[in-house]
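The next block holds one structure in the form of structure tokens; read it before the comments.
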Amino acid sequence: MALAAVGNSALSGAARAAAPGPYDVIIVGGGSAGAVMAARLSADKSRRVLLIEAGANFAPDKYPPVLANANIVAGSPNFDWNYHTDDKASIGHDIPVPRGRVVGGSSAVNAAVAMRARYTDFERWTKLGIEGWSWEEVLPTFKKLENTPTGESRWHGRNGPLPIRQRTPEENTPSMRRPHQYRDGVSHERSPCPAQS
Ligand SMILES: Cc1cc2nc3c(=O)[nH]c(=O)nc-3n(C[C@H](O)[C@H](O)[C@H](O)COP(=O)(O)OP(=O)(O)OC[C@H]3O[C@@H](n4cnc5c(N)ncnc54)[C@H](O)[C@@H]3O)c2cc1C
């Protein structure tokens with residue numbers, strides 16, 4: 001796979017060197033979707049894949065803290081498209097709409113929260129006639145992409161490409177603990193299974 005990270009200006013020397021074609025597949029945008037597609041497609045060594053990204057590229061261990069620290073969300077205009085709504089006339093100010101501009105895309109500027117949809121959502125979609133998206137059908141894919149040491153193996157994956165770590169109740173802040181513990185004014189135990197939460 002070749003990666004052309006264009007940055008804010010012209011193709012850098014390294015990117016230009018990586019870029020000569022021809023290519024079987026060209027993917028524009030090295031964000032959550034594009035980078036995964038590029039990785040999966042280029043697993044077949046005979047397929048030539050070019051991934052073009054408008055923002056900067058960093059080695060995995062060289063991302064600046066403003067990107068690497070998931071507690072900083074959309075922290076720098078240098079790695080953002082700096083979009084905003086056009087609301088000044090009606091509400092007095094525009095509203096920022098962050099979107100990452102860097103290899104990793106918005107997943108490089110997001111909060112890195114991994115959350116499955118609720119069991120009841122999948123049930124509802126099935127009742128609406130959407131085929132192939134029942135809880136039972138999507139569970140193997142959730143498990144396949146996940147790599148987590150906690151939870152029960154019938155619900156969680158151990159060897160997937162996406163490291164997911166469940167915070168312990170102690171690691172959660174009091175404000176995160178509160179709604180779960182006292183939902184509906186009743187004290188709830190932690191649910192061991194996403195299908196039951
Ligand atoms: C502030 C914020 C917080 C979020 N928090 C979470 C969270 O905690 N958990 C979660 O699951 N989701 C979260 N999300 C949502 C999640 O990050 C996005 O849904 C997901 O990253 C979108 O993936 P994507 O591939 O569609 O787009 P992106 O990841 O945004 O990728 C698009 C890529 O294309 C590039 N690009 C665009 N135009 C061009 C062009 N013309 N030429 C070359 N490159 C181009 C961009 O620079 C970018 O890198 C958050 C999103 C934001 C913005």
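Name the residue that is least open to solvent (accessible area, probe 1.4 Å), counting only residues in the range 10-39 that are within 13 Å of the ligand (Cβ to nearest atom) and at pLDDT below 60. This residue is ALA15. Pairing residues of the range 106-120 that are over 14 Å from VAL138 (Cα atoms) with residues that are in a loop (DSSP other than H, G, I, E, B) and more than 6 Å from the ligand (Cβ to nearest atom), at Cβ distances under 6 Å and at least 6 apart in sequence or on separate chains, gives ALA111/ALA70; ALA112/ALA70; ALA114/ILE164.
Considering only the range 102-137, state which residues are β-branched (Val, Ile, Thr) and within 16 Å of the ligand (Cβ to nearest atom). Steps first, please.
Residues of the range 102-137 that are β-branched (Val, Ile, Thr), as a first pass: 102-103, 109, 113, 120, 126, 130.
Matches in the range 102-137: VAL102, VAL103, VAL109, VAL113.
Against the numbered list (1) farther than 25 Å from ALA39 by Cβ; (2) modelled with pLDDT of 70 or more; (3) among the charged types (D, E, K, R); (4) open to solvent by 70 Å² or more (accessible area, probe 1.4 Å), ARG190 comes up short only at (2).
Apart from one condition, VAL97 fits all of (1) within 11 Å of the ligand (Cβ to nearest atom); (2) free of Cβ contacts under 8 Å to residues at least 24 places away in the same chain; (3) crowded, with 17+ Cβ neighbours inside 10 Å; the exception is (3). Which members of the range 52-80 meet the condition of being within 30 Å of PRO20 (Cβ to Cβ), under 17 Å from the mean Cα position of the chain (by Cα) and open to solvent by 100 Å² or more (accessible area, probe 1.4 Å)? Within the range 52-80, PRO60 is the sole residue that qualifies. Just so you know, in the range 35-51 the residues that are among the small types (Gly, Ala, Ser) and part of a loop (DSSP other than H, G, I, E, B) include one that is farthest from the chain's Cα centre (by Cα), and it is SER46. Just one of the numbered conditions (1) among the polar types (S, T, N, Q); (2) at pLDDT 80 or above; (3) open to solvent by 60 Å² or more (accessible area, probe 1.4 Å); (4) in contact with a Phe, Trp or Tyr (Cβ under 9 Å, 6 or more places away or on another chain) is not true of GLN166: (4).
Can you find even one residue in the range 140-159 that is at pLDDT below 95, surrounded by 12 or more Cβ atoms within 10 Å (Cβ to Cβ) and charged (D, E, K, R)? No: zero hits.
The values are calculated or read from the model by the stated rules, or taken from the named source; none is laboratory data. Every value quoted in this text rests on a predicted model; they were computed, and no experiment measured them. Ideal geometry is used to build each Cβ from the backbone, glycine not excepted, and the neighbour counts take in all protein chains shown. We work out accessible area using only protein heavy atoms, side chains counted, and drop any ligands, DNA or RNA first. Shrake-Rupley method; radii C 1.70, N 1.55, O 1.52, S 1.80 Å.
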